[in-house]
Amino acid sequence: MAGGTNWAGNLTYRAQRTHRPSSVDEVRRLVAGSERIKVLGSRHCFNDIADTSADHLRLDGLPDDVEIDGDIAWVPGGMRYGELAPKLAASGHALHNMASLPHISVVGATATGTHGSGVRNPSLSAAVAGLDIVRGDGEFVRLRPDDPDFAGAVVHLGTLGVVTRIGLRVQPSFDVATTVHLGPSWDVLLSEFEKITAAAYSVSVFTDFDELVQVWVKSRVGEDVPAEFTGARPAEVPTHMLRDTGIENLTEQLGLAGAWYERLPHFKAGFTPSNGDELQSEYFVPAEHGAAALAALRPLADKMAPLLRVSEVRTIAADDLWLSPAHGSDSVAFHFTWQPAQASVEALLPDIEAALEPFGGRPHWGKLFTTEPADLDLLYPKLADFRSLARRFDPAGKFANEFLARTIGL
């Protein structure tokens, strides 16, 4: 088996072979014997970050045991969040947050700086407490938070080696309730942006930058959430963020409480959220510029309208991970779900990037962007250090590919 496409279908992989090892020793042999190799996770990246000219590795054949050691859960390298979360909940544990989709792989999400929402909730990558890595020479390396390379290695873009096991910090399980608010007006959204996004444990604003504004409020049970929500009205029936779309794949709304992993994602693990016929982009700005950046994007509404399905605006707490889009700054992320028209989307992205440039808009590594390499070096101040780390871990460039060469010079 070789090749295949990513989840969106906008990329056909060039791999000549795909391997599905069943043990770490087999991973080591395959990596040591390959000229070029990359891990293929849930295929939910929209660019060629996981592409390779030779060998793909799928890690979902590794044993799926999850080991809890105090407040750390040790997770196999091929596991997805939707598989992990029920295992954690069964033992009374929880993650601090979840992404919109539970279908994505843990290692792939954390390697690219993926996140959920919440002004006090850092990215999924910030939960990482350990990495077991097979380097290009087949050697096995364990990295822990007291290692000087750790902050550079967590968001690694697949450059350092094959992560066969990852440690995640966990906490006691908790329940969450979701309420969708229709509105508020644009004037209120812009003037009360910080208040709105801080109203609950996790808040998402959905918009088309024209008329549509929804605020999805996900509160921990017992959390004090403002009763008056800046002029918005609670939805009386379950509501999709896309017009004229069925709600059967959405997690429960209407304030019905449930386990953290059944509410923090927008979509149920047992359903495919769509057929993949979409494209995505996302940019992060420091939180103090969130409202101004939102206002700067609104004049592009007419240009975006033929291509945009919906945009989701979320907050992420700062972390210290070198290539995290939230490195060093509490952030607001602007996520765009596009129609599957890649040439038109890529022609529009420079306008979006120009609008966000005054605010330091950092692109998400796993989505479509056209930001120039020189600008990436400015936006990610630890990028030069990361290049040195990657070359030290992989001097032969076994995990390099065209995406890494084109964007960060590896």
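Tabulated values for the structure
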| item | result |
| --- | --- |
| Elements of type helices (runs of 4 or more DSSP H) in the range 250-309, at least 1 residues being closer than 16 Å to LEU212 by Cβ, modelled with pLDDT of 95 or more and not acidic (Asp, Glu) | 290-297, 301-304 |
| Subset of the range 201-258 (residues that are of a type in the set (Asp, Glu) and surrounded by 13 or more Cβ atoms within 10 Å (Cβ to Cβ)) | ASP208, ASP210, GLU223, GLU252 |
| Residue that is nearest to GLY138 (Cα to Cα) [pool: residues in the range 1-33 that are buried (at least 19 other Cβ atoms within 10 Å of the Cβ) and among the small types (Gly, Ala, Ser)] | ALA15 |
| Unmet criterion (only one of (1) in contact (Cβ under 8 Å) with a residue 60 or more places away in the chain; (2) surrounded by fewer than 23 Cβ atoms within 10 Å (Cβ to Cβ)) for VAL176 | (2) |
| Any hit, the range 70-79, residues being in contact with a Pro (Cβ under 8 Å, 6 or more places away or on another chain) and of a type in the set (Phe, Trp, Tyr) | no |
| Cβ pairs under 6 Å, 6+ apart, first in the range 90-115 and surrounded by fewer than 24 Cβ atoms within 10 Å (Cβ to Cβ), second of a type in the set (A, V, I, L, M) and part of a strand (DSSP E or B) | SER91/ILE68 |
| Inter-residue pairs, beta-carbon under 7 Å, first in contact (Cβ under 8 Å) with a residue 40 or more places away in the chain and in the range 127-146, second among the small types (Gly, Ala, Ser) and surrounded by fewer than 21 Cβ atoms within 10 Å (Cβ to Cβ), 6+ apart | GLY136/ALA396; ASP137/ALA32; GLY138/ALA32 |
| Residues of the range 386-409 classified as touching a Gly at 6+ places or on another chain (Cβ under 7 Å) and surrounded by 14 or more Cβ atoms within 10 Å (Cβ to Cβ), total | 7 |
| Failed item, numbered, when ALA73 is tested on (1) more than 14 Å from ALA127 (Cα to Cα); (2) in contact (Cβ under 8 Å) with a residue 40 or more places away in the chain | (1) |
| Members of the range 317-332 found to be buried (at least 20 other Cβ atoms within 10 Å of the Cβ) and among the aliphatic types (A, V, I, L, M), listed by number | LEU321, LEU323, ALA326, VAL332 |
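The values are calculated or read from the model by the stated rules, or taken from the named source; none is laboratory data. Just so we're clear, the structure is a prediction, and the values are computed from it rather than from any experiment. Don't worry about glycine lacking a Cβ; one is built from the backbone with ideal geometry, like all the others, and counts go over all protein chains shown.
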